[in-house]
Amino acid sequence: MNLEERHVNALSDVLKTGIDGWTDIVDLQPMFFKMTLELMTEFLYGHSPSQMSRKPDAPSTQEFGHHFDAGKAWVNLRMALGRWHWLVHSPAFSLHCKKVHQYVDYFVKAKLQQGSEVTETKLAPTKFATREKFVLLDELAKQTRNPLEIRGETLGVLGAGRDTTASLLTWIFYFLSRSPRTFGKLRGTILEIFGTEASSIDFLKLRSCQYLQHCINETLRMTAVVPILERESLEDTILPRGGGPDGTKPVFIPKGQRVLISTYALAQRSDIWGDHPEDFIPQRWEHRKVGLEFIPFGGGPRKCIGRKPALSPFQNHIDTDTRFLEQFALTEVSVCLSQISSRPMLSLTE
Ligand code: HEM
């Protein structure tokens with residue numbers, strides 16, 4: 001069983017059915033945030049809070065999650081202030097950072113101590129481990145011995161991949177619970193393709209399940225999980241459109257100018273998406289090919305590296321970290337969605 005499947009199974013087990021055969025009313029959002037945190041920390045540091053074999057002195061992922069969330073709220077506020085970020089600081093923010101760093105440093109230190117016996121030749125980049133055993137920390141430790149660099153890189157991936165995936169999952173279930181017809185159709189499609197047995201969920205089939213992809217795309221469009229992208233001009237330049245009273249004329253962007261791109265506003269344009277862009281209509285994705293008008297994962301050289309659905313889940317050897325990461329977000333979302341929707345007695349509405 002792979003990483004995503006194991007964590008989704010653990011979440012699914014919590015959704016117990018009562019004697020009447022129905023699941024209790026549950027708040028899925030905290031469950032998704034807990035699942036994505038545990039999944040990501042296992043992927044990043046090889047640490048799973050539920051592992052029986054875990055070291056007794058290992059730090060608590062739950063406590064880490066609390067400080068990570070609280071610290072990120074401060075970081076978001078500081079990011080919104082741009083160059084004035086230094087105006088926002090507090091002892092609470094320092095404490096959250098300290099606790100987050102302590103958690104990460106525990107694993108980094110243990111890894112680097114282990115690695116002190118490693119010879120130079122072993123430090124050279126090697127083929128990555130099997131997907132199931134892939135731990136980003138192990139791979140980074142083959143490239144650098146700098147603990148601060150490893151801390152920064154792994155926290156960067158956690159910051160980029162955890163909340164986004166959990167938010168997308170939460171929003172999908174939000175829309176499905178308000179659209180019984182869509183949920184019925186999706187559930188029917190999933191049951192037809194996979195049946196009710198989670199073990200029959202095959203990633204290649206998942207990828208070919210068009211309606212599932214349409215529901216995910218429509219949720220990404222409606223909510224713009226990352227609503228604003230940011231770029232800074234490295235030199236004076238001219239954009240071909242965006243200036244003048246109607247935005248069709250060229251616009252001058254001086255060197256050093258911050259440019260904010262609202263993916264949310266882009267997703268609300270009826271000239272692109274047709275009538276009622278404010279409505280959740282997965283069918284609008286039928287036969288649609290998109291370009292830069294749909295950029296939930298950004299665009300260009302800095303676009304998200306966790307964006308693509310699984311290509312081949314059963315491939316044993318992963319040659320590049322990018323290829324591995326590309327399989328992350330949408331695979332997790334697809335597996336979760338299929339497994340929960342296909343439960344025999346699940347109702348998303350009362
Ligand atoms: C639904 C889930 C996700 C969404 C909507 C999302 C969206 C984005 C967006 C909009 C960016 C900025 C791109 C740009 O500026 O052009 C980004 C960057 C990034 N994402 Fe994701 N992401 C998701 C999941 C993930 C996951 C699961 C991972 C890792 C496993 C990940 C890793 C990254 C990294 C490392 C970057 C920074 C890339 C760079 O700066 O070079 N993301 N993501």
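Qualifying chymotrypsin sites (Phe, Trp or Tyr not before Pro) in the stretch 14-116, where qualification requires a DSSP coil assignment and no more than 15 other C-beta atoms within 10 Å, comprise Trp22. Pairs from the table (Lys185/Lys205; Lys55/Lys98; Lys72/Lys303; Lys16/Lys99) lying more than 26 angstrom apart at Cα are Lys16/Lys99.
Once you reduce the stretch 1-73 and the stretch 250-287 to the center of their Cα atoms, the two points are 34 Å from each other. The share of C-alpha pairs in the stretch 168-279 whose separation exceeds 21 Å stands at 56 percent.
Taking 0.36 nm per residue of sequence separation and removing the Cα-Cα distance, the Thr144/Leu239 pair yields an extension gain of 30.3 nm. Counted by neighbouring Cβ atoms within 10 Å, the residues His47, His66, His89, His214 run from fewest to most as His89, His66, His214, His47.
Please state the shape class of the stretch 226-266: rounded when a/c is under 1.5, otherwise prolate if a/b exceeds b/c and oblate if not, all from the C-alpha gyration tensor.
oblate
About its Cα centre, the dipole of the stretch 226-266 is roughly 60 debye, where the only charges are +1 on Lys and Arg Cβ and -1 on Asp and Glu Cβ. Bridgeable lysines around Lys142 (alpha carbons under 18 Å apart, same-chain partners fewer than 8 residues away excluded): Lys109, Lys111, Lys122, Lys127, Lys133.
Values quoted throughout were computed directly from the atomic coordinates according to the rules given, and no laboratory measurement underlies them. Note that this is a predicted model, so its numbers are computed, not measured. Ideal geometry is used to build each Cβ from the backbone, glycine not excepted, and the neighbour counts take in all protein chains shown.
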